[in-house]
1. With Cβ to Cβ distances under 11 Å as the rule, what net charge do the other residues near V319 carry (K, R +1; D, E -1)?
2. Compute the length gained on full extension between L85 and F308: take 0.36 nm times their separation in residues and subtract their Cα-Cα distance, giving the result in nm to one decimal.
3. Give me the extension gain from R292 to E20: residue separation times 0.36 nm, minus the current Cα-Cα distance, reported in nm with one decimal.
4. Using the Cα centre of region 172-293 as origin and beta-carbon charges of +1 (Lys, Arg) and -1 (Asp, Glu), tell me which of W268, S286, L230 is placed farthest towards the positive end of the dipole.
5. Specify which residue in the list P155, H240, A75 is farthest towards the positive end of the charge dipole of region 61-333, using unit charges on the beta carbon of Lys, Arg (+1) and Asp, Glu (-1), about the Cα centre.
6. Principal axis lengths of the chain from Cα atoms, whole Å, largest first?
7. Just add up the charged neighbours of A130: K/R +1, D/E -1, any other residue whose Cβ is under 13 Å from the Cβ of A130.
8. Is the C-alpha gyration tensor of region 1-141 telling us rounded, prolate or oblate? Criteria: a/c under 1.5 is rounded; beyond that, a/b larger than b/c is prolate, otherwise oblate.
Amino acid sequence: MHDEVRHTMVDFMQMKSFAEDPLVLTDGDGIRVIDVDGRRFIDGLSGTFCASLGHGNAELAEAGAAQLRRLAMAAPTLATNDRALELVELLLGLLPDRYSVIKLLSGGSEATESAMKIARQYHKQTGNAAKYKILSHYRSYHGATGHAVAASGWPVWRAPYEPLAGGFIHLHTPDPYRPPFDVAPEAVAATYLRLVEETIELEDARTIAALITEPVLMSAGVVIPPEGYLRGLRALCDRHGILLIFDEIITAFGRLGAMFASELFETWPDILCLGKGLSGGYAPLSAVVLSRRIADAFWGEPRDLVQFHSGHTYGANPVACAIGLAAVRQLVRDEIPANAVREGERLRAGLHRLQEQRAWIGDIRGLGLLTGVEFVRDRVTRARFPAELGLGTRIRDAARARGLLVRTSHWMLVLAPPLTIRDDETDEILAILEAAFDDVVASGATASAPDVSAPLAPAPGAGR
Ligand code: PLP
């Protein structure tokens with residue numbers, strides 16, 4: 001079985017190193033997944049932020065199976081289907097009244113890609129044909145397709161495919177832990193907003209169609225923007241006729257402890273992208289939610305050609321929608337977001353205890369069950385370890401050897417277990433992480449970190 005691994009590409013991974021120590025999963029059970037050799041792992045990332053309702057969820061499996069027996073494919077260019085209509089109604093019922101239309105799709109990239117196309121088409125159809133540019137943040141990830149990768153902000157994901165589409169402009173990541181200038185904490189939001197405003201002015205607001213952001217920027221390092229930043233973006237967008245798109249592919253459906261992050265931050269976008277947890281990871285399913293104002297611009301006579309000229313074969317697929325219905329109903333019925341709040345707090349409290357004895361844990365941040373741990377070589381300057389040290393990879397491998405799957409980079413660890421997790425399971429994650437940290441420290445990887453007595457807060461003016 002392991003040899004066949006050489007013939008498949010795993011997302012973002014180097015095939016050679018993956019093939020040397022592959023992970024081949026076969027089964028799932030609650031918060032755990034099981035590999036081909038029978039080893040059990042806690043799924044510390046919910047697949048990729050999808051399996052919010054745990055693995056082996058009988059209700060979701062049955063919803064899919066029942067629909068497969070009824071109708072598996074409804075002619076997507078000629079018809080819709082009863083399950084899609086039910087799901088749209090259910091979602092609109094959970095959202096504020098300002099939203100009126102939902103485009104159902106299958107993947108997150110399809111959703112962000114469509115949202116950006118809808119924004120451009122909206123302006124063309126409402127007398128602002130010059131508006132085409134898209135603003136987004138450096139270090140963001142909005143998907144793998146053309147526009148989505150152009151909006152994404154890490155060079156490593158962009159450079160191999162350049163030149164990318166024109167008209168995509170990047171803003172500074174609103175990172176309160178690493179502001180690019182020495183600013184007092186209370187001035188961080190205003191500083192980042194000032195930079196956004198300047199970009200809008202210099203790019204010419206009359207050419208800007210939309211600004212897309214995650215409310216909490218996962219790929220940027222689980223960055224929670226400083227208080228007031230998202231509200232400030234909303235105000236800037238309104239002032240300059242720019243549509244605000246929230247990419248809530250990760251942050252919705254209880255991941256941050258509320259049904260939508262927009263609700264938590266009291267800031268609602270013009271266009272909302274949903275995915276991942278929408279189906280609990282049991283089927284490819286995503287959605288683009290349009291506010292009434294945007295949707296109205298797409299309503300007209302056939303000769304007007306104002307419909308959305310785009311679609312995907314598996315959009316609004318009845319099986320995916322049946323599973324989505326079951327997943328969202330379960331999330332609401334079992335008050336899953338509240339569990340995410342409780343367990344997220346328990347997880348971060350435990351991580352703070354681990355931080356007390358480990359100088360190289362610089363910051364712990366998160367909301368609900370999306371948590372990031374940032375590694376630093378020095379707590380005062382917040383300097384990172386060199387990438388060549390492979391600290392993140394070592395931690396990831398040590399955790400896996402002890403039965404926990406996590407995401408790491410050379411400066412971050414991300415935890416996002418299923419939202420159904422219980423107290424004892426959260427404690428088990430903490431115990432495994434503690435042992436994995438000890439394994440890595442014993443290997444000498446963090447030897448360059450200073451003494452644990454170094455202050456947690458940076459010295460004034462320490463900057464990056
Ligand atoms: N947007 C965000 C914030 C994501 O994290 C992802 C995927 O991880 C996407 C969009 C793209 O979703 P998909 O991989 O389903 O195309």
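1. +3
2. That works out to 78.5 nm of additional length.
3. 92.7 nm
4. Toward the positive end, the furthest listed residue is S286.
5. A75
6. Its Cα atoms span 70, 56, 41 Å along the three principal axes.
7. Local charge sum for A130: +3.
8. Judged from the Cα gyration tensor, region 1-141 comes out oblate (a/c at least 1.5, b/c at or above a/b).
Bear in mind these aren't lab numbers, they're just calculated from the coordinates by the rules spelled out. In this text, all values refer to a predicted model and were calculated from it rather than measured experimentally. All Cβ positions, even for glycine, are placed from backbone atoms using ideal geometry, and neighbour counts span all protein chains on display.
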